[in-house]
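Student: Here's a structure for you.
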Amino acid sequence: MSFAIKWGDNTTENDPYSGMLYFDAVTVYTQSYTGQVSKHPVDGGSPITDHFIKQNPVFTISGVFSTDDISTGTTLISDGQGNFPYNTREAPEPVTVTSTDLTVLGKLLPDSLGQFLPELSPTAFIDLAQTDLTEQIREQLIQRLEGIKYNEKTQQFDSFIQLVELYEFTGSLLKKIIPRLVITNLVFREDANSGNALYCDMTFEQVTFAYLKKTTIPKDVASSVKGKSGSKENKGKQDSTKKDVLSPPINEKGPDKDKMGDIAEEL
């Protein structure tokens with residue numbers, strides 16, 4: 001069981017928002033499918049349920065991207081459309097040792113004659129070391145999580161959700177593709193034994209998007225709702241000036257009715 005992640009459509013050459021990475025090794029792979037039910041407590045009984053909410057599936061991978069040649073079949077890994085992982089590399093050539101005819105002849109001749117032959121040592125041919133791509137891979141994974149994209153027209157960064165696909169292989173044969181994934185968590189682990197390898201834990205969530213669609217209202221519906229909205233009512237100009245309210249004069253026998261009439265005329 002081996003895995004690769006792919007993002008973008010790979011139709012544009014050198015597109016920073018498309019690519020594919022292959023895990024040299026996967027140590028943990030989990031799939032989580034969950035949901036939530038409603039709970040309404042009732043008197044004298046157990047809670048009742050009237051609906052169920054399905055949560056997004058969650059996939060978790062703990063994998064390794066290595067510079068060493070721990071996986072030699074990456075040249076056969078592709079997305080089925082001719083696109084190969086960024087970290088694809090060919091298997092190293094076996095070490096070869098060559099010797100000259102003089103060296104072989106020196107072993108056959110007696111020492112009295114072999115001493116006059118030049119001393120030649122066998123030559124060993126070793127394949128060159130692979131290029132370390134761990135830092136480039138780290139940056140590629142972080143960019144998938146940033147959620148922004150540079151807009152050349154506006155010359156600013158816009159919000160951008162980068163969807164990825166998870167490819168599952170059996171050997172070099174493509175077994176399954178999980179689409180519409182968003183990286184929600186990314187953890188890099190380093191210790192004394194990690195060396196040049198990049199150890200990471202990735203969490204994916206499979207999402208479903210809803211898009212707005214503009215349409216024309218049918219004539220029968222438009223005519224039925226025509227004029228249903230209420231019109232605005234003009235109440236004219238309202239005076240919001242604050243006024244002091246005078247209390248009625250009080251005498252020993254109660255309010256003075258004569259003076260209250262004067263106050264009413266003033267108001």
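Student: Quick check: anything in the range 128-144 touching a residue at least 12 places away in the same chain (Cβ under 8 Å), on the phi > 0 side of the Ramachandran plot and outside any strand (DSSP E or B)?
Tutor: Checked against the condition, which is being touching a residue at least 12 places away in the same chain (Cβ under 8 Å), on the phi > 0 side of the Ramachandran plot and outside any strand (DSSP E or B), the range 128-144 yields no hits at all.
Student: I need a count of the residues in the range 18-64 that are surrounded by 10 or more Cβ atoms within 10 Å (Cβ to Cβ), touching a residue at least 24 places away in the same chain (Cβ under 8 Å) and among the hydrophobic types (A, V, I, L, M, F, W, C).
Tutor: 9
Student: Here is a follow-up. Can you pull out every residue in the range 154-202 that is without any contact (Cβ under 8 Å) to a residue 60 or more places away in the chain, under 21 Å from Q136 (Cα atoms), outside any loop (DSSP other than H, G, I, E, B) and of a type outside the set (V, I, T)?
Tutor: N185, L186, F188, R189
Student: Another one. Scanning for something at pLDDT 65 or above, surrounded by 11 or more Cβ atoms within 10 Å (Cβ to Cβ), under 26 Å from the mean Cα position of the chain (by Cα) and within 27 Å of L145 (Cβ to Cβ), does the range 209-230 turn up at least one residue?
Tutor: no
Student: Further question: Can you confirm whether D191 is over 26 Å from S78 (Cβ atoms) and in contact with a Lys or Arg (Cβ under 6 Å, 6 or more places away or on another chain)?
Tutor: For D191, the condition - over 26 Å from S78 (Cβ atoms) and in contact with a Lys or Arg (Cβ under 6 Å, 6 or more places away or on another chain) - is not met.
The values are calculated or read from the model by the stated rules, or taken from the named source; none is laboratory data. All values reported here derive from a predicted model rather than from experimental measurement. Every residue, glycine as well, gets a Cβ built from its backbone with ideal geometry; the counts of neighbours run over all protein chains shown.
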